[in-house]
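All of the numbers you see were taken from the coordinates with simple rules; none came from a lab. These numbers were taken from a predicted model, which means no experiment stands behind them. Heads up, the Cβs are rebuilt from the backbone with ideal geometry, glycines too, and the neighbour counts pull from every protein chain shown.
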Amino acid sequence: MSETFDVAVIGAGPGGYVAAIRCAQLGLNTICIDEWKNPKGKASLGGTCLNVGCIPSKALLESSENYHHTKHKLSAHGITTENVSVDVPVMIARKDKIVTTFTTGIASLFKKNKVKSMHGKGTLLKREASATTWQIKVDDSGNTETVQAKHVIIATGSVPRSLPFAPIDNDRILDNAGALALTEAPNRLGVIGAGVIGLEMGSVWRRLGAEVTILEAMPGFLMAADEQVAKEAKSLFAKESGLQINTGISIKSIKTSKNNVVVNYSDSSNQEQILEVDKLIIAIGRIPNTTGLGFKDNGLLLDERGFIAVDQYCRTNLTNVYAVGDVVRGPMLAHKASEEGVAVAEMIMHFEKGRVSENETVDFNIIPWVIYTAPEIAWVGKNEQELKAAGITYKAGQFPFIANGRARAMGETSGFIKILADEKTDRVLGVHMIGPHVSELISEAVMAMKFSASSEDIACIVHAHPSLSEVFHEAALGVDKRALHI
Ligand code: FAD
Ligand code: NAI
């Protein structure tokens, strides 16, 4: 290709495609290269998030929750349902349709914003010190082309971490893609790893009828979450969701046969145990995807954990080469990847056009985390154990959903919201939620923290009655020991 682009983006997940759109909006001539193919062998934009991550998992969580709700919860409202059944292939087809709508939607967004899209695997080629542009070799099933660009944004994402003795076949042993494509609920489902994927996918198949056992290596449960939230979640998942979670285990072997998978492990008391299941999901974290990028030749530096090494502006060690999203340090979350993509696009525009950039770094402290289980879990900022470890003194205000009118009307009364505020300044340092729709409620907390709000500021805001958001309001009042409805 003879044209020289201002920016070439490698990877069209939420880091890459958003970066490409923002670059184009800012007037930069932009190309986005991506190698993803869907199961039908067609190029599909959107990366992990749209194809086998955020969107399809939420589609199945919604469908399975609807089934579970109809079957188990409507009778409390006086609604009788008989012979409620589920057609899993229809559920999967609905999920696939949602995925296609969004992946093709990105192709339209590229067209609208004049981003050139190219299918194939991109390799960043070594360049002479005097060169002012980068060359990327793009290989599409053996057909190669070279793309030339002044700036390169690498957004190649992540891939599942594997267990060496349990190769994924997506028949008996599944990764996230396999777990999203089952056409019937297994009778017995095992999950290795009680992290975000394990809990979300375990919830889907549990609601659809599987007996689910989750095996977790760490002694504690959800150790990244606030301890009180994690404790509440574990108890609610066991009581209400029916997820059997065994922590502190160590896997000894995993064997598959035509009919089942047998996991040998030692439990937290060092006793040998056997788990026999029909399907096993491996969800033990994800690793940065740098294969084929050419870092051994082009000199791109990785850190000790295999992530592309970047500074706070997402700059790599190579001039005008940036990296964003899962392939660099920080939370592996779609919104983090996108925000970094926007920040880098604006920084490039700053260099290229001499304009002032609006937003060049991403503050990880105000990135929300959400786990879409029932009840949902969400947090932002520091938790109690982090504040204690840092020696920061704080006040806590907490309010339960059971004391909220809207939650009662909905029949969703589990959980609470907790606000942690600085002892002296009252500035909000962290917000921790477990309960209905907290994936939505957390945004108010993020906004409060973004604007450096105090708990008093939140207490002064009028919240609609009756609404779940009143729980957040009451938690803020609770910081000053003046919650009204408890
Ligand atoms: P990716 O989305 O992984 O995209 C990278 C793209 O680069 C891919 O298309 C890949 O094919 C392409 N690529 C790689 N190498 C090359 C190359 N050399 N040349 C060309 N193309 C290349 N996050 C959330 O925030 N919320 C959620 O609810 C959520 N749910 C999830 C559920 C599951 C089951 C999984 C697995 C993940 C979930 N995540 C969620 C995480 C989220 O998907 C990732 O954080 C996000 O996709 C990272 O975006 P990215 O752009 O960095 O990389
Ligand atoms: P994870 O890091 O959330 O959880 C992995 C779990 O596996 C950990 O608890 C870990 O201790 C455990 N583990 C590791 N090795 C093990 C072993 N040998 N035996 C037993 N347990 C073991 O990773 P997960 O669930 O794979 O998800 C990857 C990432 O994808 C998440 O960290 C998150 O960033 C992202 N994601 C986000 C979602 C969301 O935002 N709602 C949903 C799904 C994924």
Q. Helix 334-353 sits at what angle to the longest principal axis of the chain, using alpha carbons and giving 0 to 90 degrees rounded to 10?
A. 30 degrees
Q | Ser467 long-range amide H proximity, modeled H, under 5 Å | A | Arg406
Q. Using all Cα-Cα distances in the stretch 262-337, what percent lands in each 10 angstrom bin from 0 up to the longest?
A. 16, 35, 17, 19, 13, 1
Q. Relative contact order, percent, of the stretch 299-450 when contacts are C-alpha pairs under 8 Å separated by at least 6 residues?
A. 17 percent
**Q.** Beta bridge orientation in the chain: antiparallel %, DSSP, nearest 5
**A.** 60 percent
Q. Pairing the Cα long axis of helix 196-207 with the longest principal axis of the chain, what angle in degrees results, from 0 to 90 and rounded to the nearest 10?
A. 50 degrees
Q: For the stretch 375-479, report the convex hull volume of the alpha-carbon atoms normalised per residue, in Å³, without decimals.
A: 80 Å³
Q: Run the numbers on the stretch 375-479 and let me know its relative contact order in percent, using alpha-carbon pairs under 8 Å that are six or more apart.
A: 34 percent
Q) Taking a temperature of 10 °C and a viscosity of 1.306 mPa s, what whole-number D in µm²/s does Stokes-Einstein yield for the stretch 14-84 with Rh from Kirkwood over alpha carbon pairs? A) 102 µm²/s
Q. For the stretch 188-276, what does the equivalent ellipsoid look like in terms of its semi-axes, each the square root of 5 times an eigenvalue of the Cα gyration tensor, given largest first in whole Å?
A. 22, 17, 10
Q: Could you check how many percent of all C-alpha pairs in the chain are farther apart than 37 Å?
A: 35 percent
Q: Starting from the stretch 2-84, pick out the GluC sites (Glu not before Pro) whose DSSP state is loop and whose Cβ has at most 12 other Cβ atoms within 10 Å.
A: Glu3, Glu82
Q: Note down the Stokes-Einstein diffusion coefficient of the stretch 5-124 in µm²/s, whole number, using a Kirkwood radius over alpha carbon pairs, 4 °C, and 1.567 mPa s.
A: 79 µm²/s
